[in-house]
Amino acid sequence: MLNRRSFLVSTAATAVFAGSARLAFAAPSDGVLTVAMIGEPPTLDVMQTTTDLVMTIDQHIFETLYTYDAEWKTVPLLAAAQPVISDDGLTYTIALREGVKFHNGAVMTSDDVVASLRRWLDLATKGKQVAAFVESLEADGPNTVVFRLNAHYSPLIATLCSGSVILPATTLADPLTEFVGTGPYVLRERRPDQYIQMVRFDDYASPEGEPSNYAGRREAIAREIRFVPVPDANTRVEGLLSGQFDFADSLPVSAYDRLSGSDKSAPVIFENAGWVSMNMNMKQGLMTSKALRQAVQLALNPTDMMMAAFDADMFYSVDGSIFPKGFFWHTEAGIARYGEGDAEGAAKMLAEAGYDGTPLRLMTSRQYEFHYKISEVAKAYLEAAGFKIDLQVVDWATLTTRRADPDLWDIFVTHSNFPGDPSTINTLSDNYPGWYVSDQKAEAVAAYMNATTDEAKFAAWERIQTAIYDDVPLYKVGNFNALAGVAKGVAGYEPTYWPHFWNVSPKE
């Protein structure tokens, strides 16, 4: 049953959840949505951590100046429009939406925005990265803020899409004790390890436009949302099947058939939840040779690796573009040596590079079983090409420690989500394990950082992807999908990376 084609699943999901645009204008309901999450969040202060769990919950309470639409392009949320950028590309003037209220009844002004963003620049990991480029951040009247930069930084607006939430200046503290935002839901009560209760904000000021990912109109249709921590995945499945939960996040793909056959629930597949990569050590060892890295690239078969890891093609796709189809950043530029595995061609490259049989240390973990399965198949293809492989299987904590030492490995397997901005891909950092440093990359990234339009950024991104395929700091294996479940009778839910529940009607 799990070998059906993914387009059939997409069609079925569309049929179950059709009408979301219509439900964006539905009347408020007295119903409650009970959402089973993967665990208890460590904090509700999203500036302290941008873990997916905290982001999922917090986005109902707090909002940012900008957010992402269905193509993962940045669009205004609390901002009134795209920024006005000066001719030299160093000054960003951002107009704010007027009349937006906080949950305490106060009207948002530029003073609140400046105070919140300064806290973000001082406290958050991404904020600290941005702070190095910020010369000043000031209010210009009650409804405008102005960033002045000391150097070009094109990802500025994209980084303001997550974590840089706007709070009343009067509530700012470290740590936060008041969780007051502008979002469609108000935090009512938090009982650790039991639930987080939110209720509808009756004075919510929604952005305009059709719903599109996180952009567009937001309506608090459900009177209440309860986020319940349920660390065990099988317990989340059973709770959904019994009718205890209205939504269950991050379910094992083995639960698909049971959800499909239930009279109380339905599966939801979120396509392109993330991607798997094999990262090369460019600092020490075998993979310092560009020719050997390209031989690895040529030898591997991404389809077989992804099939072994995910069992059915409804749960993965193979695409050489770093960003999948549907994303603004999707491009075929520069894709090379990405196909069905060419052992003969790779063997020729090994001979030309003078490979002497030194074992290639491939480090992986069984904590993420799909990492291990991908590694097993990769080992077979690399050995067929003539590599000698030392497959090192360790726990994830050990892997993350060992990958920081270039003496200990040649390739490690990991996975990531798709960032809203290409510049935040880990591998592009000179200091991320793998230590990708090249003139080709530096020139392409500099062009990206200097760009001030989407067109210029896209052209620079094509150069970056071309550099990645030529330099081979990583091998992209493929994209994977995520499985969640929703109760029948719940209407309007649209899958997104961080699941959200505005515009969603509870079952009657």
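The values are calculated or read from the model by the stated rules, or taken from the named source; none is laboratory data. Bear in mind the structure is a predicted one, so any value in this text is a computation, not a measurement. Using ideal geometry, Cβ is built from the backbone for each residue, glycine included, and neighbour counts are taken over all protein chains shown. Ligands, DNA and RNA are stripped out before the accessible areas are found, and what is left, the full protein with its side chains, is counted by its heavy atoms. Shrake-Rupley method; radii C 1.70, N 1.55, O 1.52, S 1.80 Å.
The table below lists the values:
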quantity: Selected residue [in a loop (DSSP other than H, G, I, E, B) and open to solvent by 20 Å² or more (accessible area, probe 1.4 Å)] from 238, 271, 210; calculated: 210
quantity: Count of region 388-419 residues which are out of contact with any Phe, Trp or Tyr (no Cβ under 8 Å at 6 or more places or on another chain) and open to solvent by 30 Å² or more (accessible area, probe 1.4 Å); calculated: 12
quantity: Considering residues of region 189-203 that are basic (Lys, Arg) and in contact (Cβ under 8 Å) with a residue 12 or more places away in the chain only, the residue least open to solvent (accessible area, probe 1.4 Å); calculated: 200
quantity: Breaking point among (1) closer than 23 Å to residue 300 by Cα; (2) modelled with pLDDT of 95 or more; (3) open to solvent by 20 Å² or more (accessible area, probe 1.4 Å), for residue 385; calculated: (3)
quantity: Region 345-361 - residue that is charged (D, E, K, R) and free of Cβ contacts under 8 Å to residues at least 40 places away in the same chain and, of those, nearest to residue 457 (Cα to Cα); calculated: 348
quantity: Hey, residue 61 under 21 Å from residue 494 (Cα atoms), open to solvent by less than 10 Å² (accessible area, probe 1.4 Å) and in a helix (DSSP H, G or I) or not; calculated: no
quantity: Close pairs (6 angstrom Cβ cut-off, 6 or more residues apart or separate chains): part of a loop (DSSP other than H, G, I, E, B) in region 328-341, among the β-branched types (Val, Ile, Thr) anywhere; calculated: 333/466; 334/466
quantity: Residue that is open to solvent by 30 Å² or more (accessible area, probe 1.4 Å), in contact with a strand residue (DSSP E or B) (Cβ under 9 Å, 6 or more places away or on another chain), modelled with pLDDT under 95 and not hydrophobic (A, V, I, L, M, F, W, C), where the choices are 98, 71; calculated: 71
quantity: So residue 343, is it within 21 Å of residue 375 (Cα to Cα), open to solvent by 30 Å² or more (accessible area, probe 1.4 Å) and of a type in the set (Gly, Ala, Ser); calculated: yes
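A quick yes/no check of all residues on (1) under 23 Å from residue 374 (Cα atoms); (2) in contact (Cβ under 8 Å) with a residue 24 or more places away in the chain:
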{"site": "232", "(1), (2)": "no, no"}
{"site": "238", "(1), (2)": "no, no"}
{"site": "245", "(1), (2)": "no, yes"}
{"site": "248", "(1), (2)": "no, yes"}
{"site": "258", "(1), (2)": "no, no"}
{"site": "271", "(1), (2)": "yes, yes"}
{"site": "288", "(1), (2)": "yes, no"}
{"site": "296", "(1), (2)": "yes, yes"}
